[in-house]
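The values are calculated or read from the model by the stated rules, or taken from the named source; none is laboratory data. Since the model is a prediction, treat every value here as computed from it, not as a measurement. Cβ sites come from the backbone with ideal geometry, for glycine too, and all protein chains shown count toward neighbours. Areas reflect the complete protein model, heavy atoms only, side chains present, ligands, DNA and RNA absent. Shrake-Rupley method; radii C 1.70, N 1.55, O 1.52, S 1.80 Å.
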Protein chains: 2
Amino acid sequence: VRVGIGDDAAVLAPGSGDLVLTTDALVEGVHFSRATASPREVGYKAIVVNVSDVAAMAASPRWALCALTLTDAVDAAWVMELLGGMREACDEYALWLVGGNLARGSEVAVTVAVTGEVAPGRAVTRSGAAVGERICVTDALGAAAAGLRLVSAPARSVDASGRAAISRLSRPVARVGEAGILARHGVTAMMDLSDGLASDLTRLCEASGVGARLELDRVPVAPGATPSEALSGGEDYELLATLPAASVEGAASALQREFGVALTEIGEITRGPGVVATTLGGRERPLPSDGWDHFRSTIAR
Amino acid sequence: VRVGIGDDAAVLAPGSGDLVLTTDALVEGVHFSRATASPREVGYKAIVVNVSDVAAMAASPRWALCALTLTDAVDAAWVMELLGGMREACDEYALWLVGGNLARGSEVAVTVAVTGEVAPGRAVTRSGAAVGERICVTDALGAAAAGLRLVSAPARSVDASGRAAISRLSRPVARVGEAGILARHGVTAMMDLSDGLASDLTRLCEASGVGARLELDRVPVAPGATPSEALSGGEDYELLATLPAASVEGAASALQREFGVALTEIGEITRGPGVVATTLGGRERPLPSDGWDHFRSTIAR
């Protein structure tokens with residue numbers, strides 16, 4: 001970083017790789033509520049959701065910009081905590097907060113842009129999946145949706161798995177190192193699960209011009225989450241990846257060894273059209289991209 | 001651009017220069033009103049204000065990201081026009097809109113991040129001004145403030161200079177090529193005038209650890225603007241630059257020849273402390289960073 005915060009713009013000396021650019025916003029009342037989320041959590045998450053997009057390209061996050069919109073309802077202490085959360089996430093994922101912008105509005109919004117680097121031509125897109133390849137996800141799904149359900153519900157006793165789910169919602173994990181391992185093990189397409197497996201797998205298949213067979217019973221469900229939350233809950237930020245069948249075992253071992261994170265095969269890329277889901281019973285149904293509930297209503301018919 | 005809009009992130013193959021990163025937001029009700037600004041103007045301006053920050057580092061804009069917050073009050077046609085304005089500005093300044101994000105909120109906000117490139121170590125900051133150097137500005141000041149006054153006033157007849165002022169407010173100009181010429185003519189510090197000459201000159205001096213003597217009568221006032229608007233009006237996006245005395249004439253000639261834009265010497269960098277302003281009468285007064293009106297009240301005392 002040659003010039004950081006305080007000038008017209010930040011100036012950086014990059015490496016020799018390709019650049020990866022992404023932006024994502026957290027808007028009050030839509031992505032968070034000041035009643036349930038601390039400013040530290042909001043700041044932390046605003047960085048991580050962008051880091052996750054960079055990770056999903058198999059790139060390394062380097063620099064962050066933050067455009068803040070503040071209201072009269074937040075005081076200086078709230079903003080300092082927000083910045084503290086951003087700094088915490090930047091430290092954890094080894095990126096620099098190099099610049100920002102401050103505006104006044106009628107709702108708080110935290111818009112972050114992150115720039116990452118990747119070796120030339122080595123970014124992993126959504127469009128490289130080929131017929132016969134295996135569909136895998138990291139860790140387990142549905143935790144953030146379960147956390148949101150628990151946070152939104154009126155006071156109830158919350159067990160350990162529920163607390164873990166809430167923590168996953170407020171302090172998500174970006175799979176930066178894990179994505180790097182998958183890239184070294186021949187991943188052909190990758191994205192992060194921000195909108196839910198059902199809709200995101202559909203997107204990956206559309207981008208790759210293929211279909212998919214999803215084995216519902218193999219989808220790893222996070223502790224405290226329901227199968228429905230695992231299939232359609234958003235904001236898990238786990239990686240959805242396709243690999244040649246022969247590469248899955250090696251990738252899974254490496255991921256377990258280096259990060260203690262599971263890689264689970266949940267289906268196969270097909271010629272299509274569309275994404276179909278199968279259950280243990282072997283029945284096959286089209287998977288609507290808006291997920292489980294519609295799927296169940298299809299089953300019920 | 002290896003990967004554009006539609007994947008987790010954009011992927012770009014940069015040149016060998018330093019990177020310049022900036023972000024700036026236009027928020028409804030603060031930076032624009034949907035009643036007086038067309039969506040095309042909002043989109044165009046959202047890009048240009050960021051390009052101007054990159055230009056002020058003597059860098060070339062390359063790639064833009066846009067995070068949009070939309071409300072139910074805007075329809076698809078409004079959004080298409082907004083994107084049209086962004087694309088128009090991107091075409092004009094030769095940069096690529098490579099990615100974005102869409103969120104729903106209670107007010108429209110357009111947050112843009114622009115990445116530029118500059119030869120290694122050649123970015124021009126605010127902090128390089130030295131005692132004895134001359135303070136210069138491009139073109140003339142106060143047009144945007146005059147435009148805002150005319151737009152805000154109840155229906156009146158507006159003459160040609162008024163129309164030009166309004167147009168400067170809604171379609172600002174980023175001085176990209178001009179900044180490049182100044183850089184080749186030995187500019188030592190530079191910034192774009194977004195908050196007004198009085199406050200921005202104070203900032204440049206603080207960053208450089210110097211003071212300044214501003215000759216009020218030499219400040220170029222845009223047609224239709226008042227001297228007060230030229231001194232404290234924001235959003236002109238003209239360049240404020242310091243140069244060695246011997247370089248001013250050459251830089252001004254080149255700017256006139258290549259862009260038909262004037263470069264006017266308006267003062268000198270001093271040891272300080274602070275920025276003082278002098279009038280033709282030769283009286284010297286401290287220049288409050290919030291500008292002309294406070295200055296006048298100081299004079300009156």
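Residue selection: A:S16 fails the criterion of being more than 29 Å from B:S60 (Cβ to Cβ) and open to solvent by 10 Å² or more (accessible area, probe 1.4 Å). Residues that are surrounded by fewer than 16 Cβ atoms within 10 Å (Cβ to Cβ) and either closer than 25 Å to A:L95 by Cα or of a type in the set (D, E) (or both) within the range A:156-170 comprise A:D159, A:S167, listed in sequence order.
Go through the range A:119-130 and give me each residue that's surrounded by fewer than 23 Cβ atoms within 10 Å (Cβ to Cβ), on the phi < 0 side of the Ramachandran plot, more than 7 Å from chain B (Cβ to nearest Cβ) and not charged (D, E, K, R). Full working, then the answer.
So the first thing to find is which residues in the range A:119-130 are surrounded by fewer than 23 Cβ atoms within 10 Å (Cβ to Cβ), and the list is A:119-122, A:127-128, A:130.
Now narrow it down to the ones that are on the phi < 0 side of the Ramachandran plot: A:119-120, A:122, A:127-128, A:130.
From the residues that got through so far, the ones that are more than 7 Å from chain B (Cβ to nearest Cβ) too are A:119, A:122, A:127-128, A:130.
Scanning the range A:119-130 gives A:A119, A:S127, A:G128, A:A130.
Tell me yes or no: at least one residue of the range A:233-247 is of a type in the set (S, T, N, Q), in contact (Cβ under 8 Å) with a residue 12 or more places away in the chain and buried (at least 22 other Cβ atoms within 10 Å of the Cβ). Yes, the conditions are met somewhere in the range A:233-247. Within the range B:113-140, the set of residues being of a type in the set (A, V, I, L, M, F, W, C), within 15 Å of B:G272 (Cα to Cα) and not in a strand (DSSP E or B) comprises B:A129, B:A130, B:V131.
Restricting attention to the range B:72-111, the residues that are small (G, A, S), within 9 Å of chain A (Cβ to nearest Cβ), over 13 Å from B:R34 (Cα atoms) and outside any loop (DSSP other than H, G, I, E, B) total 3. Restricting the range B:21-57 to residues that are facing chain A (nearest Cβ under 7 Å) and within 19 Å of A:N50 (Cβ to Cβ), the residue that is farthest from the chain's Cα centre (by Cα) is B:L21. Just one residue in the set B:T188, B:T111, B:T138 is under 17 Å from B:S247 (Cβ atoms) and out of contact with any helix residue (DSSP H, G or I) (no Cβ under 7 Å at 6 or more places or on another chain); that residue is B:T188. Filtered by the rule that a residue be surrounded by 20 or more Cβ atoms within 10 Å (Cβ to Cβ) and part of a loop (DSSP other than H, G, I, E, B), the range B:189-218 gives B:L193, B:S194, B:G196, B:V210.
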